[in-house]
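J.: Got a structure for you, questions after.
Coordinate-derived values only; no laboratory data. Note that this is a predicted model, so its numbers are computed, not measured. Quick reminder, even Gly has a Cβ in these numbers, built from the backbone with ideal geometry, and neighbours come from all protein chains shown.
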Amino acid sequence: MYLSRLHLNPRSKQAANDLRSAYSFHQSIRWAFEGAGETPGPLPAGERLLWRNDAEQGLLVQSQTRPRWEALDERWPDYFQDAQVKTFDLSGLSDGQSFLFRLRANVTVSRWRDGQNRDEDTRTKREALRGAREQLDWLDRQGERGGFSVVGADIVQSGNVRLYKKFGGPPMTLFAVTFEGLLVAEDPARLAQTVSDGIGKGKALGFGLLSLRRSGS
């Protein structure tokens, strides 16, 4: 897989728009993986783009295939201030290995609506988890499903995020929580798949990217 650290040029009209709009940024970065005609076509087979805005640290993009970021500068001159790419391989993960992590997630649960027949095959309403204990419990459950256990975690940001669409219209509001802490690999293969797939909802809008760094490195 590949990790890219991008710093967009706010003096570029397109880059400034992408910094404001998660919808627009997600569409723009698709041009780095293919792009012919007026809109980007399907991504390469098996590609799963995950990204996160780390503010002054730039935008982090994870991909299965190597991006061609120069395609964005060709389309929108001076789009980037800087674009760096590195490879990483999770095939060597081992049981019990510890990692520092960062995750920005849409922390929600599905709950039954009042009066809903629970025998019906219907979707429940989705609600944000706003209490710190609920948020940390949610993270623990993700770990149980995702092949890791959380040793300790801090909530460094929690609150509503307004996401503006490229062509106007009312914004979408999603609930975002950013976690940082230490985790341990319990099932290395599952953890590797979790990193590849991302966690939770809203992955196209800057949520779900689980970043790992070896503890002590």
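J.: What length, rounded to one decimal in nm, is gained on full extension from residue 197 through to residue 156, with 0.36 nm per residue of separation minus their alpha-carbon distance?
T.: Working: separation 41, 0.36 × 41 = 14.76 nm, distance 2.30 nm.
Full extension from residue 197 to residue 156 adds 12.5 nm.
J.: What is the spin-label model distance, in nm, from residue 45 to residue 130 if the labels are put 7 Å beyond Cα along the C-beta direction?
T.: Taking the two extended label points, one gets 4.7 nm.
J.: Let me ask you something else. Using only the Cα atoms of the stretch 2-87, build the gyration tensor, take square roots of its eigenvalues as a ≥ b ≥ c, and label the shape rounded, prolate or oblate: rounded if a/c is under 1.5, else prolate if a/b is larger than b/c, else oblate.
T.: On the way: a/c = 1.55, a/b = 1.16, b/c = 1.34.
Cα axes put the stretch 2-87 in the oblate bin.
J.: Now a separate question. Say each of residue 87 and residue 173 gets a label point 7 Å from the Cα, pointing the same way as Cα to Cβ; how far apart are those two points in nm?
T.: Modelled inter-label distance: 4.6 nm.
J.: Can you tell me the length gained on complete extension of the stretch residue 189 to residue 64, counting 0.36 nm per residue apart and subtracting the Cα distance?
T.: Details: separation 125, 0.36 × 125 = 45.00 nm, distance 1.65 nm.
Gain on extension, residue 189 to residue 64, equals 43.4 nm.
J.: Treat the count of other C-beta atoms within 10 Å as a stand-in for reagent exposure and order 86, 13, 203 from fewest to most.
T.: 86, 13, 203
J.: At what distance in angstrom do the alpha carbon centres of the stretch 137-155 and the stretch 188-217 lie from each other?
T.: Distance between centres, Cα-based: 12 Å.
J.: Further question on the same structure: What list of ³J(HN,Hα) values in whole Hz, one per residue of the stretch 93-109 in order, does the Karplus curve 6.51 cos²θ - 1.76 cosθ + 1.60 (θ = phi - 60°) give from phi, with Gly and Pro shown as x?
T.: With the stated coefficients, the stretch 93-109 comes to 4, 10, 4, x, 6, 10, 9, 6, 9, 9, 8, 10, 9, 8, 8, 9, 9 Hz.
J.: Around residue 181, which amide H atoms from residues at least 5 apart in sequence, or from another chain, sit under 5 Å from its own amide H, with H modelled in the peptide plane?
T.: For residue 181, the qualifying residues are 101, 154.
J.: With θ taken as phi - 60° and the coefficients 6.51, -1.76 and 1.60, list the Karplus ³J(HN,Hα) couplings across the stretch 194-211 in order, rounded to whole Hz; mark glycine and proline as x.
T.: 5, 4, 5, 7, x, 10, x, 9, x, 5, 6, 10, x, 10, x, 7, 9, 9
J.: Take the Cα atoms of the chain, find their three principal axes, and give me the spread along each one in whole Å, biggest first.
T.: 51, 46, 32
J.: Which whole-number percent is the relative contact order of the stretch 2-87 (Cα, under 8 Å, 6+ apart)?
T.: So the answer I get is 47 percent.
J.: Further question on the same structure: Calculate for the chain the 222 nm mean residue ellipticity that helices alone would give, adding -39,500 (n - 2.57) per DSSP H run of length 4 or more and normalising by residue count, nearest 500 deg cm²/dmol. Walk me through the numbers before you get to the answer.
T.: On the way: 5 runs with 47 residues, N = 217.
Helix contribution divided over all residues of the chain: -6000 deg cm²/dmol.
J.: Right, another one. Work out the FRET efficiency for residue 7 and residue 95 from their Cβ-Cβ distance, taking R0 = 25 Å, and round it to the nearest 0.05.
T.: 0.10
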